[in-house]
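Please read the structure below before turning to the comments.
Throughout, read-outs are computed from the coordinates displayed, never taken from laboratory work. Predicted, not measured: the structure shown is a model, and the values here were computed from it.
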Amino acid sequence: MKQTLFDPLVTCVKLGRLKFKLDTSFFRVLQCYEILGNDLFNDYEKIDACLKLLINRK
């Protein structure tokens, strides 16, 4: 599934019976881009850090 800049952002994801709200604010997305571009982390650490930033646990 490819998303363009004009598509509305995904704000929640369903995984089975679980529903996760996402924080897709501009600041959070920029933080994830910075993490993904950092060579100090391996791929697993990058994904883990971005998920922790984006999943809204309120």
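Before moving on, here are some points about what is shown:
- Cut-off under 5 Å, modelled amide H: who pairs with Asn56 long-range: Lys21, Leu22, Asp23
- From helices alone, the chain scores -12000 deg cm²/dmol at 222 nm; the rule is -39500 (n - 2.57) for each run of n ≥ 4 DSSP H residues, then divide by the residue total.
- Among Leu30, Leu15, Leu40: highest mean-square fluctuation, GNM of the chain, C-alpha pairs under 10 Å: Leu15
- Straight-distance crosslink candidates among lysines, where the alpha carbon sits under 25 Å from Lys2 and sequence neighbours closer than 8 are dropped: Lys14, Lys19, Lys21, Lys46, Lys52
- Recomputing Cα extents along the principal axes in Å from the coordinates shown identifies the correct label among (1) 51, 36, 17; (2) 31, 25, 17; (3) 34, 28, 23 as (3).
- For segment 5-19, 3J(HN,Hα) per residue [Karplus equation, 6.51 cos²θ - 1.76 cosθ + 1.60, θ = phi - 60°, Hz, x = Gly/Pro]: 5, 8, 6, x, 6, 6, 10, 8, 10, 9, 10, x, 8, 8, 10
- Across segment 39-51, coupling constants 3J(HN,Hα) worked out from phi with the 6.51/-1.76/1.60 Karplus curve, θ = phi - 60°, read 7, 6, 9, 7, 4, 4, 5, 5, 5, 4, 5, 5, 5 Hz, and Gly and Pro carry x.
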